[in-house]
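Below is one structure, written out as structure tokens, with a few remarks after it.
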Amino acid sequence: MPEPASPVPEAGQEAPARVRLSFEPSGKRVSVPPGVSVFEAASWNGIAIDSTCGGHGTCRKCRVRIVDGEVPVSRLDPRAFDPDRLRQGWRLACLAQATGDLTVEVPPLSTRPKAATVGVGRQVILRPAVQKRYVELDEPSLADQTPDVERLLAALDDLEVTPDLHAYQRAGRVLREADFKVTAVVVDEALIDVEPGDTTARRYGIAYDLGTTTVVATLLDLSTGTPAAVRSMLNLQQPYGADVISRISAGMLDPSALDRLREAARDTLDQLTQEVCKQGEVAPEEVYEIALAGNATMVHIALGIDPEPLGVAPFIMAARSFPALLAADLGLRVHPRARAVVLPALGAYVGGDIVAGALATGMDRDRRVRLFIDVGTNCEIVLGNADRLLATAAPAGPAFEGAQIRCGMRAAPGAIETVRLDPATGRVELGVIGDVEPVGLCGSGLVDAVAELCRTGLLDASGRLLSPEAAAKVSPALAERLATVGDERVFVLAEAGGETVYLSQRDVRELQFAKGAISTGWRLLLEEYGVTEADIQQVLLAGSFGSYLSPASAVRIGLVPRLALPRIVSAGNVAGEGAKLALLSVQERAGALALLEEVRYVELSDRSDFNDRFVDQLAFPAG
């Protein structure tokens with residue numbers, strides 16, 4: 001396993017800010033927690049680095065060159081590189097820990113691996129449903145009048161396939177134009193097309209993470225398991241509200257709004273489809289299968305199913321799983337007979353995105369007791385190991401998205417994402433997305449700011465900002481930043497261009513409500529499971545927000561169990577990773593369905609003690 005380049009702080013100790021990595025020649029820039037390996041940082045962000053060992057340093061294929069920045073030579077690097085190349089900065093990416101800003105040169109893939117690494121370093125053997133077979137057939141004659149499709153099927157005698165009508169329509173013309181040298185395209189047990197010549201090297205799929213706020217599409221080369229392109233954009237349903245309840249309500253108030261919501265979802269998916277195909281230089285007709293992971297509301301709307309029963313007790317879905325569909329059913333302009341796989345859902349508020357996340361992180365395979373938390377407006381939580389799994393959902397509210405926060409904004413250029421306070425000097429160190437002047441505060445910055453105010457003593461355990469007089473006794477240098485806006489106490493984070501970015505008392509309360517709901521959720525699951533915080537061996541923070549959350553700050557405010565920081569892992573976009581798994585392996589796809597029987601959903605809304613337990617978790621931990 002990788003050896004830490006520097007000590008990792010324990011709970012309660014100071015943690016460094018996020019580090020920035022620039023990958024060449026793609027020019028892609030990413031921001032990750034310190035200590036993450038270069039390989040993981042690349043994998044999370046769709047940058048292909050060759051590897052077949054799952055990040056253990058044994059295959060010695062994940063070779064990169066550190067162009068700028070410092071990465072110590074690991075114990076295995078000398079086995080992969082001679083002294084000259086080590087001096088030039090060559091390292092094994094899986095053992096190169098990013099403890100500071102780096103510029104990394106990634107060479108082109110030198111092999112075509114038959115295994116792909118997804119999720120939190122998880123490896124999967126490639127067994128996609130999409131197959132291609134090149135065949136050279138005997139031409140028909142008066143002595144051999146075998147029908148065209150029967151002739152083709154006879155050459156595929158090791159496969160039991162049923163031709164689609166589209167294949168029948170294409171076969172005669174394509175066979176003759178290609179001199180009976182063709183490629184059969186098979187998805188599961190269906191022959192969907194006949195293509196001229198040998199096209200076996202060209203088979204693609206697209207994995208979608210259909211989020212309430214953000215939608216991500218990854219174009220995958222199904223022959224190698226590597227991403228060919230990744231794109232994301234805001235969900236075009238945004239005008240109908242920031243959360244699923246708002247969108248359900250929009251459909252309840254105006255029945256015609258459901259059609260508009262469905263079209264907005266489909267337009268989002270289709271726009272991303274065209275973008276990744278263009279970026280990856282792939283014809284849309286070469287995409288033969290797609291996989292979709294999303295919460296139950298987003299999936300219902302995209303499929304044109306009324307989501308109203310999801311929004312009112314007893315919160316009933318149309319179905320936990322759907323049969324194989326056509327991508328055309330979702331309005332996607334790919335191959336006309338491309339299949340669509342929709343990841344199954346556990347409940348109305350623990351949807352296919354969480355099943356995908358549990359699949360990608362191997363929650364059902366690990367012997368350790370682990371806690372999976374997808375932090376967002378609706379927070380989904382999974383607890384357990386290979387023996388037993390429990391899941392629930394907690395209503396965290398929109399604070400993590402920057403909504404209801406005075407200077408809140410989404411994670412976009414100008415958003416403060418990290419905060420460090422020095423009570424001795426009064427220095428305020430801010431990490432701003434895009435390295436520009438700060439204009440607002442995003443979710444990770446909100447958590448950091450509150451955690452730092454708790455650490456320095458300017459915010460008491462009840463969540464109250466100290467008065468200027470009391471603050472002057474704790475930290476005179478920082479007390480000067482306490483001010484009043486209207487009749488509300490605030491802490492000023494930055495002043496630039498005539499604009500002031502601050503954290504208000506109300507902002508703190510919004511975060512308290514969110515962290516109280518999440519903390520209550522995982523604590524009740526611990527009780528139901530019969531374990532304590534000390535029994536948890538790893539916490540996985542998932543989702544677009546969870547990936548950027550500082551583990552030290554999350555511990556400090558009580559959002560997650562108080563564990564040693566190395567045991568709290570940013571899992572990345574595991575919903576998208578699970579959707580990739582569904583494309584790359586039919587066995588993993590079956591594993592997603594098996595989770596429906598392996599995971600028990602725990603409903604919190606009907607617990608008589610939930611409100612009391614929630615109130616108990618509003619305070620910030622002492623110390």
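Using a 10 Å cut-off on Cβ atoms, rank the peptides 25-37, 569-581, 514-526 from the highest mean neighbour count down. All intermediate terms of the calculation are to be shown ahead of the outcome.
On the way: 25-37: 17.2, 569-581: 28.8, 514-526: 22.8.
Result, highest mean Cβ count within 10 Å first: 569-581, 514-526, 25-37.
Provide the gained length on full extension for the span ARG464 to ASP157, in nm with one decimal, where the gain is 0.36 nm per separating residue minus the Cα-Cα distance.
On the way: separation 307, 0.36 × 307 = 110.52 nm, distance 7.34 nm.
Between ARG464 and ASP157, full extension yields an extra 103.2 nm.
Counting heavy atoms of the protein chains only and a 1.4 Å probe, report the per residue accessible area for the stretch 167-303 as a whole number of Å².
Numbers: 4850 Å² over 137 residues.
For the stretch 167-303, the solvent-accessible area averages 35 Å² per residue.
So, with a 1.4 angstrom probe, what is the percent of accessible area on the stretch 572-623 that is carbon and sulfur? The partial results should precede the final answer.
Details: 1260 of 2410 Å².
Summing carbon and sulfur atoms, their accessible area is 52 percent of the total for the stretch 572-623.
Give me, ordered by chain and number, the residues 5 or more places off VAL182 or on other chains with an amide H under 5 Å from its own placed amide H.
Those lying under 5 Å, H to H, from VAL182 are VAL135, LEU137, GLY197.
What percent do you get for the relative contact order of the chain when only Cα pairs under 8 Å and 6+ apart count?
13 percent
Return the whole-Å distance between the Cα centroid of the stretch 134-183 and the Cα centroid of the stretch 349-378.
Computed from Cα coordinates, the inter-centre distance equals 45 Å.
What are the residues whose amide H is under 5 Å from the amide H of GLY35, where those residues sit 5 or more places off or on another chain and H is modelled from the backbone?
ALA98, THR99
In the stretch 172-254, which chymotrypsin sites (Phe, Trp or Tyr not before Pro) are in a loop and have at most 10 other Cβ atoms within 10 Å, using DSSP for the loop call?
On the way: sites: PHE180, TYR204, TYR208, TYR240; in loops: PHE180.
Those that pass, being in a loop and sparsely packed, number zero.
Where does the chain land at 222 nm, in deg cm²/dmol rounded to the nearest 500, when only DSSP H runs of n ≥ 4 count, each adding -39500 (n - 2.57), divided by all residues?
Details: 19 runs with 182 residues, N = 623.
Calculated at 222 nm, the ellipticity per residue is -8500 deg cm²/dmol.
What are the ³J(HN,Hα) values, in whole Hz, obtained from phi via the Karplus relation 6.51 cos²θ - 1.76 cosθ + 1.60 with θ = phi - 60°, for each residue of the stretch 86-101 in sequence order, with x given for Gly and Pro?
So the Karplus estimates, Gly and Pro as x, are 4, 5, 6, x, 6, 9, 7, 4, 6, 9, 8, 8, 8, 9, x, 5 Hz.
Applying the Karplus parametrisation 6.51 cos²θ - 1.76 cosθ + 1.60 with θ = phi - 60° to the phi angles of the stretch 492-503, what ³J(HN,Hα) value in whole Hz is obtained for each residue in order, glycine and proline being reported as x?
Once θ is set to phi - 60°, the couplings for the stretch 492-503 become 7, 8, 7, 10, 8, x, x, 9, 10, 9, 9, 10 Hz.
Given an 8 Å cut-off on Cα distances and at least 6 residues of separation, report the relative contact order of the stretch 390-429 as a percent. Could the numbers behind the result be given before it?
On the way: 20 pairs, mean separation 7.4, N = 40.
Taking the mean separation of contacting Cα pairs over the length of the stretch 390-429, I get 18 percent.
Around ALA264, under 12 Å between beta carbons, what's the net of Lys plus Arg minus Asp minus Glu among the other residues?
Values: positive: ARG247, ARG260, ARG262, ARG266; negative: ASP259, GLU263, ASP267, ASP270.
Once positives and negatives cancel, what remains is 0.
Return the long-range amide H neighbours of VAL369 (sequence gap of 5 or more, or a different chain), with a cut-off of under 5 Å between placed amide H atoms.
For VAL369, the qualifying residues are GLN537.
So if I place +1 on the C-beta of Lys and Arg and -1 on the C-beta of Asp and Glu, and nothing else carries charge, what would the dipole magnitude of the chain be about its Cα centre? I want it in debye, nearest 20. Walk me through the intermediate numbers first.
Details: 62 positive and 82 negative charges, 265 e Å.
Using Cβ point charges on Lys, Arg, Asp and Glu, the chain gives about 1280 debye.
The values are calculated or read from the model by the stated rules, or taken from the named source; none is laboratory data. Everything numeric here is computed off the predicted structure, so don't read it as measured data. No Cβ is skipped: glycine too gets one built from the backbone with ideal geometry, and neighbour counts run over all protein chains shown. For accessibility, only protein heavy atoms count, side chains too; no ligands or nucleic acids. Shrake-Rupley method; radii C 1.70, N 1.55, O 1.52, S 1.80 Å.
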